[in-house]
1. For residue 26 and residue 172, FRET efficiency with R0 = 41 Å and r from the beta-carbon atoms, rounded to 0.05?
2. Would you mind getting me the FRET efficiency between residue 161 and residue 214? Use the beta-carbon distance for r and R0 = 22 Å, nearest 0.05.
3. Could you order peptides 163-176, 209-222 by the average number of other Cβ atoms within 10 Å of their residues, highest first?
4. Pulled fully out, how much extra length does the chain show between residue 193 and residue 142, if you take 0.36 nm times their separation in residues and subtract their Cα-Cα distance?
5. For each of 205, 21, 120, count neighbouring Cβ atoms within 10 Å of the residue's Cβ, then give the residues from fewest to most.
6. How much of the pair distance distribution for region 89-220 lies past 22 Å, counting alpha-carbon pairs only, in percent?
7. Taking neighbour counts of Cβ atoms within 10 Å as a proxy for exposure, in what order, fewest first, do 185, 206 appear?
């Protein structure tokens, strides 16, 4: 069984670690500092690192010389086969990031009519957002329509607003065109909540991507945790 060492932040470890285990990998999860101990005591075929790579490099540079040399040499042999990340890992990670990017859109007062407008809402470059969409398996245009309609389903639940009033479109014909593009029947009422929308739309059907979307939506609706006395 392939041994993976996953070095990432808490949000990524939560979803990606379980997804990799379900795919048949034996996964060791770790912070950047503890990764050194894992590498010293366990054989690892592949290291998958996200935002803590810089911290890990710093830890290697400040570790005792003998220990750092030993660990570097132990990673030298499998280095060639570790250069390529399995596609399912890259896709799963991109799907999770793409799903988290939906959360600011659905709560925003602005309807992003372009990928560039969406990228401003999540504070990333348009190129990065397009890359997330492509790697997650959804085209940028399809992804944009999905984000806009998911926002409508979120804001119009309970009958507070008419769906067409929440979209920045010129006329009803454009609104109906977006519904048809998403596989929704214009003759039926718009889905009354995000879950109903996810079940009826045809833009995203992959179960793993839908799971990541539901998880991102649930996370975005959790009340902010009050700081403890020590934090205050």
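1. Working from the Cβ atoms, E equals 0.15.
2. E(calc), rounded to 0.05, equals 0.45.
3. Top of the packing list down: 209-222, 163-176.
4. Residue separation times 0.36 nm, minus the Cα-Cα distance, leaves 16.4 nm.
5. 205, 21, 120
6. So the portion of pairs separated by more than 22 Å is 29 percent.
7. The fewest-first ordering by Cβ neighbours comes to 185, 206.
Where a number appears in this text, it was derived from the coordinates with a stated rule and is not lab data. None of these values were measured; they are calculated from a predicted model. No Cβ is skipped: glycine too gets one built from the backbone with ideal geometry, and neighbour counts run over all protein chains shown.
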